[in-house]
Amino acid sequence: MNGLSVENLRVEIAGAGDRRFLPVDGVDFTVGADQCVALLGESGCGKSMTALALMRLLPEGGRVTAGEVNLQGDDLFALAESAMGGVRGGRLAMIFQEPQTSLNPVMSVAEQIGEALAAHRGLAGAVARAEAGRLLEAVGLQTDRLDAYPFQLSGGQRQRALIAMMLAGEPEVLIADEPTTALDVTVQAQILDLLKDLRSTRGMGLLLITHDLDVAREMTLGPNDRVAVMYAGQIVEWAPSAGLYAAPRHPYTQKLFAVLPRLDRRGERLDSLPGKVPAPDAVFAGCRFAERCPAVFQRCRVEIPGFHEVVPGHFARCHLAEAAANPSLSPYGGFGKGEIEGIPGRVEVVAAANPTQTPISPNGGVTKEGSEPSVLEISDLAVHFPIRKGLLKRTVGHVKAVDGVSLAVAAGETLALVGESGCGKTTLARAVLRLIEPSSGTVRLCGESLAGLKGEALRRKRAQMQIVFQDPFSSLNPRMRVGDILEEGMAALLPELDRIGRAHRAADLLDQVGLPTDAAGRYPHEFSGGQRQRIAIARALAVNPKLLILDEPTSALDVSVQAQILNLLADLRREHGLAYLFISHNLSVVGYLADRVAVMREGRILECGSAEQIFNRPAIDYTRLLLDSAPGQV
Amino acid sequence: MSFKPVLLWSDALILLLLAVVAAGVWLLRHNETFRAPLRQVLASRMGSATALILAVYVGIGLLDSLHYVERLPDEPGKAAQYSGEVKSALDKLLSPLRENVEKTYSAPFATHLYAKETMTGPDGREVRDYPRLKHGGAHLADPDQEFWPDVLKRGGLGVLGGMVCWTLLILPLWQRGRTHSALAWTLLCILVVTGLLVALAPHYHVLGTDKVGQDVLYLSLKSVRTGLLIGTLTTLVVLPLAIGLGIAAGYFGGRVDDVIQYLYTTLNSIPGVLLIAAAVLVVQVQIEAHPELFDTAAARADMRLLALCGILGLTGWTGLARLLRAETLKLRELEFVQAARAFGVSRMRILARHLLPNVMHLVLITVVIDFSGLVLAEAVLSYVGVGVDPAMISFGNMINGARLELAREPVVWWQLVAAFLFMFVLVLAANLFADQVRDALDPKARGRA
């Protein structure tokens, strides 16, 4: 047969002691020529492990315990390792998520492509160089980049160079493991387009691994393309994207769609997916999703559901799907299209305000002048980093990370700062907090200028604004208990509280962010990413701030966890009247949460207006480009 | 009183250190953050076993730190006179070993000297043969016949004695379920070895004798204190410098970083041995210029040892400081440090609560690796002639002596092997123990053991 077929793949990893993890447990799919299969799932569902098993690159202790993988009729698991070396990177190639680390920093692009050409096609010398040039052109890079080293390339260019390397072996199937996750949205759109082009011009099969529903949709628009939704080591739904996105059949997939934040869901509570993905060594009596399923019934807990074809070509691993496939079988009946709310697509906003909108309504592009004082006023803020050169470290120029930014955030308002990486949004946040000294400009917090504040006065001011960072793993000191982490800020900024008062308040905060009270005595590593982000939010709230700076608070989290955190943020805003400065590159999250949006590029604010205006009537081309680059638009 | 206690400077430091540790333990006895890791270390197999071995070493070192001088026989009309020779409690315990001095080298368990001598036989004729030892196996009438039965008998008794002690010690603990097998087996090993030595050492030179006929077992036991002192005191000098300067350089950056970097680059660019040799020689000259400050030879040797520790410490902090600076540079950009700054937490507190605990694993690993390096450094310096006082018993001097012995024909191997064995067990135990401590301090690894 053509392409790649995987049958009943099972991967086992030996854990400490006698524990056996089964990250992949019975996966079947096929990827034909010129077909794209998107393997979609949250972290920990086994999608990357599937890809590594196909490449026979499983980590230490991992092994394939069952299953068969066929590439054009060759059984990959039966090949000798030497023969597999020829297949790997040749007939079956893989590109990775992180373009920073997947290229060797001390080899030029030509050398790295040349390696692949020598290994798989026996080319060397001038021929190889000419071929490398052709490959670079095929991935949209100039041939003069041949002699460039990875550090001279941008993230998108590096990903292109890596793709060129993988094309060198003329693969029949290309596995792309989160190829665009580390890239900006505009670059992501280019790379996705490139992958689509290459697939059709070369007749390659493409196995795309992603956690992003929109990316999966974007890449599987063709009639032969399929989306496979993975959960707990199994494929729970297999369908063409049109069918899947119009009418998901598995409750898990439905939930995934329901938790997505979007502009048109503003003010609504996002649906939540309680619980967490079962541990890979869990033993299941029935359906793997039963514990978290909203439609669970008795049979789910005792009987493993089959993989039923609901409509031709659309399979779901669910007892309800069996009923839907054959309505006469079951008294429960199927679930129809009516149950599925909101299909993600192009963000459309009705001009009329949503009745359930949060009480703080955005009032056009300007702050409500006179009505309420701004919590935060930034005017002409600039942060310039000196470039020093030579033996005496003379300043020869400046990097203008933030270059004259003026913004205002009213009490209880959410201002989103949107921009691509390197535009200066994080530097701006740190300058506002005085973690970095601004070069010029003023920051006024609650009417008082922060510039020149020192010692005690600055400390007291710090209690009024706090920050929540992107990465919940590096933002909590691994050597401190959660209780101590929460109390640290109080000890510094709320001296009126004694030890018992602090402990009480810490317990109170844990309760507010939905964590068990006994969490105070534990260390951060015992918590999942979402829980850790809750701890970080509780820590920021500990000192009663009026303004919370949220620096990409959900971009390291899975969509279901993201929904929980966004709900929590919305609740806290309502209860405490907090103002948020919300920094993000994710437009759908911004659309859901923000009252006003500021678009930032190269250290300057290009456009600032209400969310409704920015999303529907962007004034400048750059905003339009950002909006159009978002994947998954039909 | 037939003796007078003597407090050498190093003894005073040891007592001070003990007092500080005891006070720390007393103050922190209810602190769960401190107790939990400690409990985990002592509950783990490796942790408890190595802690026991280290305790034996420390015990030997402490016994050897209780110094005294003996009172000389009274002469009428004069105030009490004391001997100029400073002894320790360990010397007292090991007095048979200390006093059983042979003429020169003898192999372990030998009954005869290692070198031939011209002797006058009973018949008046001169013969060249290996003479009997004065002490080793002197109780045997016919060594060829009686040696093995005697050794086996005494050894058997020693093993038996060790096992009896073990049973008496372990039974009550076992009944209360307070111990586990690794600890029990280690204790058994230690007691059996001790029993063997107690039974055999007074009658034989278990590890042979050195060039001037001193018992090598005695030398090895005496070296323990010197080794521990050099390791511990030097580390105590190194740690504040390395941690303070390393973390400060990494965290504050700018001028502070420049100054500290300049300091350690300068120190590093001077060849280490040269710098130490120069400093030791200066100290030595000072000591010799003021003989009135030291009433005994031991006090002088002791001061030289302390000076050596100080000098090794002052020159040895650069490696760890550089390591800590690099790690701190990485850590200070992490978001939990930024968050602490956003809370207005004071700089000292950030250094102490956020940075120090997160570099502690590096400190521990480096200190333990350096510990063995320091004992060896002492050997190297003794070789150059600027180490501890030549009269002081130390692993360094033992190894230094072994250098010549290895060139002899036939080879004299036991002094080197003895020093190696004692150091090996000490350094291995310290390494494994530090591993356990590091795991226990790391919240992620906790509970895995």
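List of remarks:
- Wholly enclosed helices (runs of 4 or more DSSP H) of region B:308-398 bearing at least 1 residues hydrophobic (A, V, I, L, M, F, W, C), away from chain A (no Cβ under 12 Å) and over 13 Å from B:Val238 (Cα atoms): B:318-332, B:356-384
- The residue that is farthest from the other protein chains (Cβ to nearest Cβ), among those in region A:3-38 that are loosely packed, with under 15 Cβ neighbours inside 10 Å and charged (D, E, K, R), is A:Glu7.
- Condition check for A:Gly489: on the phi < 0 side of the Ramachandran plot, assigned to a helix (DSSP H, G or I) and crowded, with 24+ Cβ neighbours inside 10 Å: yes
- Residue that is open to solvent by 40 Å² or more (accessible area, probe 1.4 Å), small (Gly, Ala, Ser) and under 27 Å from the mean Cα position of the chain (by Cα), where the choices are B:Gly316, B:Gly373, B:Gly385, B:Gly310: B:Gly385
So that you can scan it fast, the table gives a plain yes or no per residue for (1) within 30 Å of B:Lys330 (Cβ to Cβ); (2) touching a Lys or Arg at 6+ places or on another chain (Cβ under 8 Å):
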residue	(1), (2)
A:Gly447	no, no
A:Arg459	yes, no
A:Glu487	yes, yes
A:Met490	yes, yes
A:Pro495	no, no
A:Gly514	no, yes
A:Asp518	no, no
A:Tyr523	yes, yes
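- Unique residue being assigned to a helix (DSSP H, G or I) and small (Gly, Ala, Ser) when the list is A:Gly514, A:Gly530: A:Gly530
- Failed item, numbered, when A:Gly114 is tested on (1) within 30 Å of A:Ala38 (Cβ to Cβ); (2) assigned to a helix (DSSP H, G or I): (1)
- Residue within region A:455-468 that is more than 25 Å from A:Arg574 (Cα to Cα), surrounded by 18 or more Cβ atoms within 10 Å (Cβ to Cβ) and touching a residue at least 24 places away in the same chain (Cβ under 8 Å) present: no
- Filtered residues of region A:174-204 (kept if crowded, with 18+ Cβ neighbours inside 10 Å and over 27 Å from A:Val589 (Cα atoms)): A:Leu174, A:Ile175, A:Leu198, A:Arg199, A:Met204
- In region B:194-237, the residues that are of a type in the set (Lys, Arg) and surrounded by fewer than 22 Cβ atoms within 10 Å (Cβ to Cβ): B:Lys211
- Candidate set from region A:541-560 (those that are assigned to a helix (DSSP H, G or I) and surrounded by fewer than 24 Cβ atoms within 10 Å (Cβ to Cβ)); member that is nearest to the other protein chains (Cβ to nearest Cβ): A:Leu541
- Just one of (1) modelled with pLDDT of 90 or more; (2) within 28 Å of A:Glu377 (Cβ to Cβ); (3) away from chain B (no Cβ under 14 Å) fails for A:Gln466. It is (3).
- Failed item in (1) open to solvent by 30 Å² or more (accessible area, probe 1.4 Å); (2) in a helix (DSSP H, G or I); (3) more than 14 Å from every other protein chain (Cβ to nearest Cβ), with A:Leu566 passing the rest: (1)
- Segments classed as helices (runs of 4 or more DSSP H), wholly inside region A:205-313, with at least 3 members that are open to solvent by 40 Å² or more (accessible area, probe 1.4 Å) and farther than 27 Å from A:Ala611 by Cα: A:298-302
- Looking across region A:571-580, just one residue is open to solvent by less than 10 Å² (accessible area, probe 1.4 Å), in contact with a Lys or Arg (Cβ under 9 Å, 6 or more places away or on another chain) and not in a strand (DSSP E or B), and that is A:Leu578.
- Residue check, A:Leu515 more than 11 Å from every other protein chain (Cβ to nearest Cβ) and farther than 20 Å from A:Ala579 by Cβ: yes
- Scan region A:469-485 for residues that are touching a Ser or Thr at 6+ places or on another chain (Cβ under 7 Å) and either open to solvent by 20 Å² or more (accessible area, probe 1.4 Å) or more than 8 Å from chain B (Cβ to nearest Cβ) (or both) and the total you get is 1.
- No other residue among B:Leu441, B:Leu428, B:Leu404, B:Leu421 is within 14 Å of chain A (Cβ to nearest Cβ) and open to solvent by 60 Å² or more (accessible area, probe 1.4 Å) apart from B:Leu441.
- Residue among B:Glu333, B:Glu327 that is over 22 Å from B:Leu241 (Cβ atoms), of a type in the set (Asp, Glu) and open to solvent by 30 Å² or more (accessible area, probe 1.4 Å): B:Glu333
- Region B:58-88, residues that are open to solvent by 20 Å² or more (accessible area, probe 1.4 Å) and within 15 Å of the chain's Cα centre (by Cα): B:Val58, B:Gly59, B:Ile60, B:Leu62, B:Leu63
- Single unsatisfied condition, A:Pro438 versus (1) within 14 Å of chain B (Cβ to nearest Cβ); (2) buried (at least 21 other Cβ atoms within 10 Å of the Cβ); (3) farther than 23 Å from A:Ala611 by Cα: (1)
The values are calculated or read from the model by the stated rules, or taken from the named source; none is laboratory data. As the structure is a computational prediction, the values presented were derived from the model and not from experiment. Please note: Cβ atoms are built from the backbone with ideal geometry, for glycine as well, and neighbour counts cover all protein chains shown. The accessibility values were calculated without ligands, DNA or RNA, using every heavy atom of the protein model including side chains. Shrake-Rupley method; radii C 1.70, N 1.55, O 1.52, S 1.80 Å.
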